[in-house]
Structure formats: C-alpha cells, structure tokens
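Below is one structure, written out as structure tokens, with a few remarks after it.
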Amino acid sequence: MKRQIPLLLVLVFGIFMIFQYFVPHESSEWIYEFFLDWIYIIGIFALALGIWSLIRVSYDKIKYKKPNWQYAVITLAGLFAMILFGFDYGRHFFSAEGLSNYMFRAFFDYILIPIQATMFSLLAFFIASAAYRAFRARSLLATLLLVSALVVMLRFNPYFGPIGPYLEQTASWLLNVPNLAAKRAIIIGIGLGMVATALKVILGIERAYLGKD
Amino acid sequence: MTGWIPRIIAISGSDIGIIISLVVIGGGLAWLLKQSIKAGDVDRRIVFLFIFISVSVPILFPITFSETATPIVKKLYDRIENLPEGSAVLISFDFDPAMAPEVQPMADAFARHCLAKNHKVIFMSLWATGQSLLSTTLQNVVRPEFPEKIEGVDFANLGYKAGNEGVLNVIVTNFRKMFPTDVNSIPLDSIAVFKKIRSCQDLDLIISIGGGKPGAKEWILFVGDPANVPMGCGVAAVTAPQLYPYYPKQLLGILGGIKGAAEYESELVRHYDRFADVKKPGLRMMGPQTLAHVVIMAFIVLGNISYFVTRRRGKKP
C-alpha cells in the first residue's frame, strides 16, 4: 500500500498533465492552475524543510566542533541576518519593501555579487589551462576541433582588420551549420529521452524516486 | 623633436595598457616558446599567471575597441528601434549574480533603448536573485537616466515570481492570475502599462536575459512559440551556441556574452548621442576578454609546438 498509492498518484496526475496540455479549454486550464498552486505549497514546505535541515546540520557542526565548524557559524549568521534585513527588521512581512533595506542591498551588492562573480570568473583560468592541454593536433578530428575553436575565438578579436570579415563569416558558418546540426540532433535526442523517461515514471517502470523502503 | 615630449606626456591609459600588455605578455610568451621547444609542457601556474596579467592590465589601463553589430545582434536592435512608440516590451531578468557581470550590461542596454524609444517596459524575473539585479538596473539606469519616466505609466516592475515554467504557462493566457499586483503591491488593473495588456499575447516583444534554467529556451517553449510573440535574448557566452537552433525564427536575435553586449552598446551610442557619456561596461570588458583570448590562443599554439617537438624527439607526449 505504501508503494501503490504513490504509483497510482503518479499515473493519474501524469496522464492528466499530458492531456491537459492538448485541451485548450477553461476547465482544463483551471485544474492546471489548481495543481500549480499545489506546487507552490509543496515548494514552501520543501523550503522550510531545507532551512531546518541547514540549521540542524550547522548547529551539530558547531556543537561538536567538527572540522571547519567556523564556517557553520558564518552560514547561520548570514542566513539569519539576510532574513532579518529582508523583512526590514520585522517592519515589512507582507510586501517586497524589505528588499530595499540598506543592509539587505549592501550584503547583496557587496558580498553575494562579488563572491558569485569571482567563482564564475575562475572558469577563465581553468579553461585556459584545459585549452592548453587538450587542444592538441593528435588526429584529424582533434585538428578540426582545434582549428574551429581558434576561428571562433579569433572572431572576437578586433585586431584582425582586413581578414576580420572573413573570420566572422567562417565563425558564423561554424556556429550556424555544424554547431546547429549537432545541437538540433542533441535537442531531439534529449526530447525523445525525456518522453521515454516520463512514460517509464508514469507507468511505474522507473521507481527510483520512491526510494528503497 | 619638439613634439616628441608632449606626445609622450599625452599618452593615454589605453596606450599604456597596450604597451604593458605587449611587453609583458609578448615577452613572456616568447620566453615560454623557447622553453616549450627545449623542455616540453608549461606548468599550469604559469598559464594562470598569464591569464591574470592579461585580464588585470586592461582593467587597470582600460583598453577599448570600436565594435560593429553582427547581424544576430543588429536584428534585435532593429526590431526595438522599428517598433512603434508605446509598444509593450517585456524584459525578464532570469539570472543570478554569477552571470551578472556578463549579462547585466545587456539588461541595461535593452532598458535604455526601450525607454529612449518610449516603449512601455515590463520588468520581471523568474529567478529569486533576479529581482535584486532588476532593482540594480532600475536604480542605476532607469531612474537617473530617465527621470521623466513614471513607474506604472512608462514602465512596470512585476518582480520575482516562483514557479519557473509554471509561471510562463499561466501568463501566456493571463498576467493577473500569476501577478495580481506588481512588486509594490499595486493591483495590475490600476497600472496604466497593463491597461491594454491581459496576457503575453498582447506584448510586442519579449526579451529574456540570462543563461540558465528557466531562461530563453523556456520562454520560447512556453510563451514565444505557443502565443506567437516575437522574442529576443541576451545570454552568457557559454549558453549562446545552445540557442542558435532557435535563431532566426523563434529568436529574432541573440546577444552572446560580453561581445554581444559590447556590440549592442556601440550600436546604441552610434544612434543616440545622449548615451555617449553613460557607462558602457560591455565595451570596457571587451579589452580584458580580447587579451585573455589572445593569451589562450597563444597557449594553444605553444601546446601544439611542445607536442610536436616532443613527438619528434621520440618521447611519448
């Protein structure tokens, strides 16, 4: 019974969601929106559960002085501080005015943005190192990849004056023809794979989401 | 001879940047070429050092280039330019701070262009962190550069709504069901911008700015295609090739990475004198990016020289 009910729910709602997509009627739309509200409700509970889990894990780390427990203090401090600032010290619970709170903006603009941008920009260093090691003309295909990469990168370079337009045309051809063909094939492949997986889940063949118990 | 000294004194920051880059990077790469021929692979810390120099020098001594819009950018620019005054344009901020340095310049440029053309602009976000970045554009671009534009009359801010594709699936037929109010809790029925707009089908153009999920692809699948609304997008460079299959039918144009932002900014400056003095982060960031690309290409060449030299000597590369 513990497994049959979830399987039945997935079957019923899965089939309904497929059909509603093809039924452009108000009642179908109403039911769809009703279910969408449920997604928000479930999402809010998941969020609450996530915050509780984060607090518990961090608290245990601090209590038992586990390795790097100091980071858990910063995590909890950041979490509670942003909640406090986001609600404008409790003055605005039901509107977005807290987002204009000076401290909330300062933490967002001067801590979150630089941290995330730094993490993302580290990619440049690893891409350079990886390109140096991986782009070797070991075979015909590797050489084609190497030449294509160089042409697409050279297109960005404004130093190439007279040959610039030719580079631009070649790079556009590479992006619009071989890249497009490969991407379309991948997109169609992924689409078919998603349909197959969704059918397996709806029909109860794929049950990994139920867990082991 | 007399003009020599003033010429030296009048040297610009950009010239200093180019000279330092040429000397440090060019000299360093020449030394590395010699080393590669002699001893093989270069330590990756040296690669990192060169990338650091190639990015930091043009930031300290700004190197800027003139850009010309490529067709994929120009088409989107032309669409906004040729829409009749008062057209409804939706700009969705679907990104987080990690992507912001790359795509926020596009958001600013789109906002500038649409407001300069007197279009009615609707700002929204499908990403939780997008709302604060949207506020940044309003604070840094819309309010100081267009003080005459009134919120609610000339533009509206719907803010963030959770639900990803679910949000799109609803607003494609009805905005008010998903956004009963704007970000300031004002009912949509009281907002002038929404007087004639019931759903996404009433929009003249949708622009999604981002690079993740939900993003431009989801906008095409759930709104652009089903409702037949023209769409454009500005995305991070890594995402741009994935969106090429949708161009030019489902996407009028794509701004890919800093290059796309720089091309759009240069097009704006070319046509609007009022934007000549505003900050142009896209154009400014092209300097470090171009130099870093040159260094990466040089390392690819060095890597291949080292590979062939090692192979010729009979060693296993």
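The values are calculated or read from the model by the stated rules, or taken from the named source; none is laboratory data. All of these numbers come straight from a predicted model, not from anything done at the bench. We place every Cβ from the backbone using ideal geometry, glycine too, and count neighbours over all the protein chains shown. Surface accessibility is based on the protein's heavy atoms, side chains included, excluding ligands, DNA and RNA. Shrake-Rupley method; radii C 1.70, N 1.55, O 1.52, S 1.80 Å.
Within region B:296-303, does at least one residue satisfy the condition of being farther than 21 Å from A:Val152 by Cα and open to solvent by 20 Å² or more (accessible area, probe 1.4 Å)? Quick ask: steps written out before the conclusion?
At the first step, the residues of region B:296-303 found to be farther than 21 Å from A:Val152 by Cα are none.
The answer is no; no qualifying residue exists.
Could you say which residue among A:Ile15, A:Ile41, A:Ile51, A:Ile74 is part of a helix (DSSP H, G or I) and open to solvent by 80 Å² or more (accessible area, probe 1.4 Å)?
Numbers: A:Ile15 fails: open to solvent by 80 Å² or more (accessible area, probe 1.4 Å); A:Ile41 fails: open to solvent by 80 Å² or more (accessible area, probe 1.4 Å); A:Ile51 fails: open to solvent by 80 Å² or more (accessible area, probe 1.4 Å).
Step by step, each of A:Ile15, A:Ile41, A:Ile51, A:Ile74 is checked, and only A:Ile74 is part of a helix (DSSP H, G or I) and open to solvent by 80 Å² or more (accessible area, probe 1.4 Å).
Selection over region B:267-305 of residues that are assigned to a helix (DSSP H, G or I), over 23 Å from B:Ile18 (Cβ atoms) and either in contact with a strand residue (DSSP E or B) (Cβ under 8 Å, 6 or more places away or on another chain) or more than 9 Å from chain A (Cβ to nearest Cβ) (or both) gives a count of 8.
The number of residues in region B:306-317 being part of a helix (DSSP H, G or I), within 10 Å of chain A (Cβ to nearest Cβ) and open to solvent by 60 Å² or more (accessible area, probe 1.4 Å) comes to 2. Annotation note: of B:Ala69, B:Ala10, B:Ala39, the sole residue that is within 14 Å of chain A (Cβ to nearest Cβ) and either open to solvent by less than 50 Å² (accessible area, probe 1.4 Å) or at pLDDT below 75 (or both) is B:Ala69.
Just wondering, is there one or more residues in region A:158-170 that are at the interface with chain B (Cβ under 10 Å from one of its Cβ atoms), free of Cβ contacts under 8 Å to residues at least 60 places away in the same chain and among the β-branched types (Val, Ile, Thr)? No, region A:158-170 has no match at all.
Consider region B:161-198 and keep the residues that are open to solvent by less than 60 Å² (accessible area, probe 1.4 Å), part of a helix (DSSP H, G or I) and in contact with an Asp or Glu (Cβ under 7 Å, 6 or more places away or on another chain). The one that is farthest from the other protein chains (Cβ to nearest Cβ) is B:Leu188. Every condition in (1) surrounded by 23 or more Cβ atoms within 10 Å (Cβ to Cβ); (2) not in a strand (DSSP E or B) holds for B:Leu90 except the one numbered (2).
Can you tell me which residue is nearest to B:Thr136 (Cα to Cα) among those in region A:77-107 that are away from chain B (no Cβ under 11 Å), of a type outside the set (A, V, I, L, M, F, W, C) and open to solvent by 50 Å² or more (accessible area, probe 1.4 Å)? Filtering first and then ranking leaves A:Tyr102.
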